[in-house]
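Each remark here refers to the structure printed beneath this line.
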Amino acid sequence: MRGNAFEAKVKGDGGTELLRLLHERMGEGAEPPGQAPTPDLAAAGPEGRAARTALALREATEAGGWALLDHPMLALEVAGSPAYLEPDAVVVHPDGRWTVVEIKSFPMIDAAADPSKVGAAARQSAVYVLALERVAVLTKGASVDHSVLLVCPRDFSNLPTASVVDVRKQLAVTRRQLTRLSRIEDIADELPPGTTFDLDGQSGASLATAVEAVPAVYAPECLAACELAFHCRGRAREQGTVTALGRSLRGELGSLTTVEEVLAAARGESGDPADPTVAAVRRAAALRAEAGAPCH
Amino acid sequence: MSLIATLARLEAVESGRAQPLATVRHRHLSERPLVFVPLTTAGEAGAPLGALVGTDRNAPTLLVVPQPRDRDLRFTFLADLAEAVLPYLDAYAADIELTERSETDPETGKKTKVEVELCADAPQLIVPGRAGVDFVRLLGRSMRFRRTAEQDPDAPYPAPPRVPLLGRWFTHYAERARTPGAALLLAATDLLNRHWATGQSSLEDQHLGALLAWIDPPAGEPGAEAALRAELARGADGQLLCPPAGPATDPAFDNRLLAPAVERYDRARQALQAAEDGLAADDRLGQLTAAEREIRRLLAAQLMPTWSAVWRALDLLRELPEGDRAAARWTSDRWSFTGHRDRITAGEPPQPRRDDAVTAATKLLRRERAQAELEAGEALDDPLVMAGRRLSGEAFAGEVVEVTPAWSESKRPSPRPLLTLRTDDAPHLAEGAKVYRSLDGKPQKAEFVAYEPGGALVLRVLDKMGRAKDPAPGSVPEKGDRICWTLFEHEQRGAPKLPDPEATPWTHGGPPGAATAEQPDAPTPEDLL
């Protein structure tokens, strides 16, 4: 696909073009890289590749020159189990700084790209920075840049252009989320013994039961990110939770968490009139009826 | 989302049908809008794949790029698009009325009336969704700096003659769409969402098919089920029954139907180029035409459901009566169209890639003003919108229980009657706060005096009562009148003027330098557009 073709083009010729862009945007007076070593990171299995990457990073930092690591492998502990991550590239600066490079195929038109896509790229890169930091603390003289280089096609062409993206905010958010995640073992402990999500070797019905066993907190944002979103949405609608209509409703409606409760409170059938939410909902319903919205 | 809109959504969940959020239509709809449904190529951000365009719902023009990676075919598409859109725009540009506008004489500083042209109506573009508006902007950006062979004989890939002009119009329309309340370029989903609340989230409301399923479900079917079908249901061939409204296409369509068809087209084209004699060429040309026809058929099948959906949305919206102030806002759209028409006639260069500081500041000011005007206008046009403002304490409706004549304490006393009102609303009133009501379409101002022990509130009416000692008849409310007062102003005051461009301080970009003509994008072998 175009994305892969573009990445190959950016990294072609030993990464000269990529390093030139990086030096131009965040070189800070260092010597231009020209041709830089690109260590071989091949190894068996993700652990092997992660170890090989750590070694290559240490060697490059000690060497004190530019180095380009193409598709390094990084490990990060997520909810108690290791996850392996593969950034597009990591560049080692002569002063021991490491910079994550993210190559995307969406265009930067007049030096501006689609904000939602840039945001997604920044969140993705922040995870790489976090994983790199685990390696950097074990490496003498190394530090990880909290800005990443985003490389995109320029305007309507296939020529690369780059922009420095500050990911400190995304880093803080990801860090906090990672510490808050429930450990996988804790989640597994709550499931009935023998539950499996294996697609082969069990019927559709038993797979559905297994999925049902895991509680989910659905919000409309899930639709953009998760394949189970329609399943969770169906369940949330069955239960009549107001969050299925948007996260902000939860804050607005306070203790009234289901559609039924809110409407009953609005009609004056239930709810404590002293509760400010109930009073507000009743007032809103009265005003809406007065203004001519059809009642039923 | 206000609590009233939230409540409407919850009612929609319960009843299985969308609930009204407005009693009038808050956007002007043209008698003869141009509907534009574009598709883009997957993975080639911005390369057009095809489009349906036209003003007649029964006879759309289908434009197709059989091989989106081919520059010549893309240019053909854009040229055809220009042929479909520009005559529509030109028809409106020619029909003018004369009107007066006051202009300041640069030498004397006096205001004088000048007679100017204003287009009698403006062309209106409707796209299915917000992504469509962005795509119009993208197309505009890609086309407006192109050079035609006439402008630049040395251009390596000259654009077809009318393409740069279409780029400038698309850019203008997309830019105007950022002004709140403007109606030159509208997204069908935005229009529907303004007027109805569905039983789903605002994210899901971006799906035109699902949205229509809630607003106008097939007889007897609950909206949620109809919407789910619009989102997910696939036919026996694995294709969505309600294809996405674009510009992005469904991956299943790209992989299973489109990719093989484009490949057949490529093969047929190569075969034609390799043909050695006329007879074989004729035969292969036939194959190429057949391959192209197949792609046209596929794209038409993807586009037609969206095309009908946009027209159905327009039908639904036309059932609502147009708000008075929506019609007034359309006049500023007409001014905007006339202004751009004049800039093009005057031979001004295309809009720059980036606005300079002064232009950007002016645009921002105008949009803020338009936003405030829109909010006030919608509330005044529509009791259901006003209900939301009343709930938030920005307006209140009450019955006049007493009118006390009073006068100001100046040498020539003017009427300043006091009104006592009883209201169930809870406005956020501080002492001396100004409130406004609509009197024959003009705002009348009053100030809040105090609360009476019983909870009634006292207002002092300040203007619109004539010059005489006694107020003009009908200008002061009478006992028993029910009146809605607002805490926000009905009309926006003019913003403070920005300094002349020559006097712009360096902190704000400085005086404009010599106008440098924008260069066209340098062509590269792998251009997308």
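Observations
- B:G388 passes every criterion in (1) of a type outside the set (D, E); (2) under 21 Å from the mean Cα position of the chain (by Cα); (3) closer than 30 Å to A:T277 by Cβ; (4) buried (at least 18 other Cβ atoms within 10 Å of the Cβ) apart from (2).
- Those residues of segment A:104-138 which are among the aliphatic types (A, V, I, L, M), within 14 Å of chain B (Cβ to nearest Cβ) and not in a helix (DSSP H, G or I), in sequence order: A:M108, A:I109, A:A111, A:A112, A:A113
- Count of residues meeting criterion [among the hydroxyl-bearing types (S, T, Y) and crowded, with 24+ Cβ neighbours inside 10 Å] in segment B:177-226: 2
- Hey, B:F36 modelled with pLDDT of 95 or more and either buried (at least 18 other Cβ atoms within 10 Å of the Cβ) or touching a Leu at 6+ places or on another chain (Cβ under 9 Å) (or both) or not: yes
- Here is the figure for segment A:279-294: residues that are surrounded by 14 or more Cβ atoms within 10 Å (Cβ to Cβ) and either at pLDDT below 85 or away from every other protein chain (no Cβ under 12 Å) (or both) total 2.
- For segment B:343-355, the candidate set comprises residues that are away from chain A (no Cβ under 14 Å) and surrounded by 13 or more Cβ atoms within 10 Å (Cβ to Cβ); within that set, the residue that is farthest from B:F145 (Cα to Cα) is B:R343.
- Helices (runs of 4 or more DSSP H) contained in segment B:208-286 and holding at least 1 residues over 28 Å from the mean Cα position of the chain (by Cα) and without any contact (Cβ under 8 Å) to a residue 40 or more places away in the chain: B:223-232, B:259-274
- Of the residues making up segment B:1-29, just one is at the interface with another protein chain (Cβ under 7 Å from one of its Cβ atoms) and of a type in the set (K, R), namely B:R9.
- Test: residue in segment A:71-79 that is under 21 Å from A:A162 (Cβ atoms) and at pLDDT 85 or above: yes
- Breaking point among (1) assigned to a helix (DSSP H, G or I); (2) at pLDDT below 85; (3) of a type in the set (S, T, N, Q), for A:S248: (2)
- The residues of segment B:365-422 that are within 14 Å of chain A (Cβ to nearest Cβ) and in contact with a Pro (Cβ under 6 Å, 6 or more places away or on another chain), listed by number, are B:G393, B:F396.
- Taking every residue in segment B:420-445 that is within 18 Å of B:G474 (Cβ to Cβ) and pairing it with any residue that is among the polar types (S, T, N, Q) and surrounded by fewer than 18 Cβ atoms within 10 Å (Cβ to Cβ), at least 6 positions away or on another chain, the pairs with Cβ-Cβ distances below 8 Å are B:L439/B:S475; B:Q444/B:S438; B:Q444/B:S475.
- Condition check for B:A47: within 14 Å of chain A (Cβ to nearest Cβ), closer than 18 Å to A:F156 by Cβ, hydrophobic (A, V, I, L, M, F, W, C) and more than 24 Å from the chain's Cα centre (by Cα): no
- Taking the conditions (1) in contact (Cβ under 8 Å) with a residue 40 or more places away in the chain; (2) surrounded by 15 or more Cβ atoms within 10 Å (Cβ to Cβ) in turn, A:A244 satisfies each one other than (1).
- Considering residues of segment B:227-264 that are of a type in the set (G, A, S) and surrounded by fewer than 21 Cβ atoms within 10 Å (Cβ to Cβ) only, the residue nearest to B:V13 (Cα to Cα): B:A233
- Members of segment B:321-341 that are surrounded by 18 or more Cβ atoms within 10 Å (Cβ to Cβ) and not hydroxyl-bearing (S, T, Y): B:G323, B:R325, B:A326, B:R329, B:W330, B:D333, B:R334, B:F337, B:H340, B:R341
- For segment A:140-158, taking the residues that are more than 28 Å from B:R137 (Cα to Cα) and either surrounded by fewer than 20 Cβ atoms within 10 Å (Cβ to Cβ) or under 17 Å from the mean Cα position of the chain (by Cα) (or both), the one that is nearest to the other protein chains (Cβ to nearest Cβ) is identified as A:V148.
- Any hit, segment A:64-81, residues being in a strand (DSSP E or B), loosely packed, with under 15 Cβ neighbours inside 10 Å, in the same structural domain as A:V164 (by TED's automatic domain parsing) and touching a Pro at 6+ places or on another chain (Cβ under 9 Å): no
- Counting only strands (runs of 3 or more DSSP E) that sit completely within segment B:35-138, those holding 1 or more residues that are acidic (D, E) correspond to B:96-104, B:111-119.
- B:D121 being surrounded by fewer than 22 Cβ atoms within 10 Å (Cβ to Cβ) and within 18 Å of the chain's Cα centre (by Cα): yes
- Qualifying positions in segment B:441-491 - assigned to a strand (DSSP E or B) and among the small types (G, A, S): B:A446, B:A450
The values are calculated or read from the model by the stated rules, or taken from the named source; none is laboratory data. All values derive from a computational prediction rather than experimental measurement. Heads up, the Cβs are rebuilt from the backbone with ideal geometry, glycines too, and the neighbour counts pull from every protein chain shown.
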